[in-house]
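Inspection log for the structure reproduced underneath, given as C-alpha cells.
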Amino acid sequence: MRFGRDAWIDADLVCKIFSYPLSHRIHTAKGYPLRAPNGSSVIIYGYDTGLKIVWRGGKRFAELKPTRPQAKAKPVGNNADPDSVMIIDSDDEEEPEPAQEEPMVEFNLEESEVDPAAPYEEILRQIDIPLGSRVLDVAVPRVLPEEARSPLDPFPPILRNTIVVSVVCSDLSTKVVTLPLVPPHPTQTDPKSWRIQTLSVDGATTHQDIPRGVSITFTCHEFEDEQDQRKSRGRFGNFGKWDLLVATHSAEGCGALLLHRIPIREESSFRLVEEDIISQRRLLPAPAQSIAFNPSTWPSLRHANLLVAFHSGCVKIYSCFVKKASKSSRRASMPQEDYEAIDTEGRWLISLYPGFEQGATGLPRRKRIIDADWVLGGRAVMVLLEDGEWGVWDIEGAGPGAVKGPLHRQTSVQGVTGGSLTAYAVCGRIMTPLSNTNSETEQRPRFAPMTPSTRRVREDGLLKGSMSTASPSHRGQISVLQTNPSSDVLPDESILLRHGRQSAVIPSLLSLWRNAVKATGTFDSSNRCRVSPFQDVNLMGQNFQAIGHLPAPARRSRQAERQAFDVLVAAEHQIMILAPKLTESVEEGLPVVKQEETEETDQLMLRRGELDVEGMGRLLNGMASGSASMRMGSPVKRTRVFA
C-alpha cells in the first residue's frame, strides 16, 4: 500500500492535477504546515489500520554515511570534579561499550532536475505507522512556516525538528504521534530507527463513544523563578515550559468534550510526559459537529479558545484554561493546588447563530452547520452551512469596515461571557457549474444592454460557464492558510471550501472582504476577490473525504510565484494534488535568461491583474522593441485562481 512513483496527469490544465490511486480507504488527510529541512512537504492521512506519512518533493537523499560510535570521555586534569574520588581500575574490569549513534541523513546540495515527461514533484519517502484501528480524524498544529513568522515570536521548540499530530481511532482511543521532521533514509527499513513515539491518552477521562474529531495547539507555563529560567535557557525558547493541548469530542450522552494538557519535557530529545497529563470533561448541549483551537500563539489570551460548532445551528467559543487569579494578586497563604485548579477552569464565552430557513414542517429553523473555523488570525469565525452559504462573524471588530459592537476595540473575546452574535460581516454562497446540456438549453433574452455590470457577468460566463446554486449537503469542510507574514497589520488568508462533492477557493479573504464593504473607489475584479469553484476535480464516483492546503516543496523556480501552497484533495481511494507544472530553475549569472524570467513574471502578474506601473513600463518597452506582446492569455490560464 504505497504511493505510486508515477501519477495520472490532466495535461489540458495549466494547474496540473496529479492523482495517486491507492488500494486502501482514506478516512482523513491533512497537509503538515511545516516543510522538512530538505524542502519536502509532508502529507499525513489516516486509513483502516494506522497513519501514512508521505514526504513529497525537496532535495534527494545523499549516500548514507554511518557515524563512528564514540565512547563517553572521562574528565581528566583540571576538568575533573574536585569532589570526586579516584578509583584505581583493576585489569579485570571491562571497558564500557561505546554508545551507538544513529547515521546522519544527508541530502544533495542541488535540487533535482525536472523531467519533461513527468513535470511534477516526486514522492521522496513514505512510511506506515500502524495503530491497530481505523484512524477517523487527524489534527496538525496550525502554525506559520519559518519564512512567515518573526524570529521573536514564541514558537514551541519541539516543532523545529519534530512532527506532532494527534488522532482519534475507532477503538475509542486518542493518540499523539511524534516523529522526526527529516524523512528517514531509504536504507533505514527498520521502524525502530524512525524514532516514532506514540502516546495513548488513557485514564479515567476517556470517551465512551467513538470520537468524531480532534484539535491540538500549544500553550506555555511561565517560569516561576530566575533559577528555572537559567536552567531552561536555550531549550524552551526563554519563555517557559511548553504543553500540548488536545481536544476531542464525541456523541456520548448528549455530547461530550474532553480536554487534555500534556507536558513536554526535554531530555535527550523532546518527549511527552504521560504521568502529568491534566484532563477535564465538559458536557455539551448537543453532539458537536466540529472543533478547532484558535490559531493565535501564546501568550495571547485567545490562544486556548476552542471553537465548537453544532449541527443544529450554533457555534460556541469555549475558553479551556481561564486564569482567574494572577501570580501577583494571589495570596501567599493560598495553597498551590488551589491555584492550579483555578488556572485550569474553563467557561463558555459567546454564541454565534446563522440565519433562518423554512424547515420540513413549514416552521422556521436555524440553518444547519457543517463546519466552522477561525479566520483573520483568530479574531473572526467563518461558518459553512448545509445549503452552500458561508459567512464570517467579526467577533472582535477587527476586519475591514468593522462597525461598533459588543466586542468593538477589545483585545479578545475573553472578557465577554454569555454574549451572542448573528450578523455576518461578509458572506457568500458556493456555486456549481451547470452541465453542457443545461447551458445550451438555457433561455436567454434576445437583446441585453452592454453595461459594466453585464460585461463582467458575460466575462465570467465565458471563462467559467453558467453557474447554479449548490445542492444541500451535510458533508463539508473549511481549510484556512495565512499567506502573508505575521508582521502585517491584518492576516491575509486563503480559504478552501468543500461542500458535498463540490470544492471552491477564496484566494484572498481579506481582499474579498474589502470589496464587499467598499462603498466608493475602484472595484477589484481580479480572481483573488472571488469564490471560484474547482471545475476539473474528478472524484471518479468516490466520496469527497478531505481538502486542505499543502506547502509547496522548496524549489527556486517557484519563488517567483506568489502561490506558496498546493491543494490537497482526498477521495476514498486516491490522493490528488493540484499544483502548477514544474519548470527548470533559472541559473544566476545569465542575463538573457534573467530577462526572460522577468518577462514571464510580468505576464503572470498581468493575467492576475496585479501588475504595477514599473512592470507595465517593461512590457511597453518590450512591445516597442518587438520582443514581447501584451497578451492576456487564454481563458483556461486565467482560471488559475488559487495561485
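The values are calculated or read from the model by the stated rules, or taken from the named source; none is laboratory data. Just so you know, these numbers come straight off a predicted model, no measurement behind them. Virtual Cβ from ideal backbone geometry, glycine too; neighbours counted across all protein chains shown. Please note that ligands, DNA and RNA were not included when accessible areas were found on the heavy atoms of the full protein model with its side chains. Shrake-Rupley method; radii C 1.70, N 1.55, O 1.52, S 1.80 Å.
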If you take the residues of segment 586-616 that are charged (D, E, K, R), in a loop (DSSP other than H, G, I, E, B) and open to solvent by 60 Å² or more (accessible area, probe 1.4 Å), which of them is modelled with the lowest pLDDT? GLU588
Anything in segment 10-40 that is at pLDDT 95 or above and under 18 Å from GLN574 (Cβ atoms)? List them, or say none. ARG25, ILE26, HIS27, THR28, ALA29, LYS30, GLY31
Scanning segment 537-559 for residues that are more than 21 Å from the chain's Cα centre (by Cα) and either exposed (fewer than 15 other Cβ atoms within 10 Å of the Cβ) or not in a loop (DSSP other than H, G, I, E, B) (or both) gives ASN538, MET540, GLY541, ASN543, ARG556, SER557
So, in segment 148-161, exactly how many residues are open to solvent by 30 Å² or more (accessible area, probe 1.4 Å) and either under 14 Å from the mean Cα position of the chain (by Cα) or of a type outside the set (S, T, N, Q) (or both)? 5
Restricting to segment 296-331, and then to whatever is in contact with a helix residue (DSSP H, G or I) (Cβ under 7 Å, 6 or more places away or on another chain) and open to solvent by 30 Å² or more (accessible area, probe 1.4 Å), can you tell me which residue is modelled with the highest pLDDT? THR297
Going by the structure shown, is VAL636 surrounded by 13 or more Cβ atoms within 10 Å (Cβ to Cβ), at pLDDT below 55 and assigned to a loop (DSSP other than H, G, I, E, B)? no
Filtering segment 487-540 down to residues that are at pLDDT 90 or above and small (Gly, Ala, Ser), which residue is farthest from GLN574 (Cα to Cα)? SER511
Single condition VAL105 does not satisfy, out of (1) in contact with a His (Cβ under 8 Å, 6 or more places away or on another chain); (2) modelled with pLDDT of 95 or more: (2)
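Please determine whether any residue of segment 371-380 is open to solvent by 10 Å² or more (accessible area, probe 1.4 Å) and more than 16 Å from ILE317 (Cα to Cα). Talk me through it step by step, then tell me what you get.
Going through segment 371-380, the residues open to solvent by 10 Å² or more (accessible area, probe 1.4 Å) turn out to be 371, 373, 377, 379.
When the remaining residues are screened for being more than 16 Å from ILE317 (Cα to Cα), the result is none.
Checking segment 371-380: not a single residue is open to solvent by 10 Å² or more (accessible area, probe 1.4 Å) and more than 16 Å from ILE317 (Cα to Cα).
Name every residue in segment 560-570 that is assigned to a loop (DSSP other than H, G, I, E, B) and under 13 Å from the mean Cα position of the chain (by Cα), in order of residue number. Steps first, please.
Going residue by residue through segment 560-570, those that are assigned to a loop (DSSP other than H, G, I, E, B) are 560-564.
Correct list: ALA564 only.
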Just one of (1) in contact with a strand residue (DSSP E or B) (Cβ under 9 Å, 6 or more places away or on another chain); (2) open to solvent by 60 Å² or more (accessible area, probe 1.4 Å) trips up PRO145, so point out which. (2)
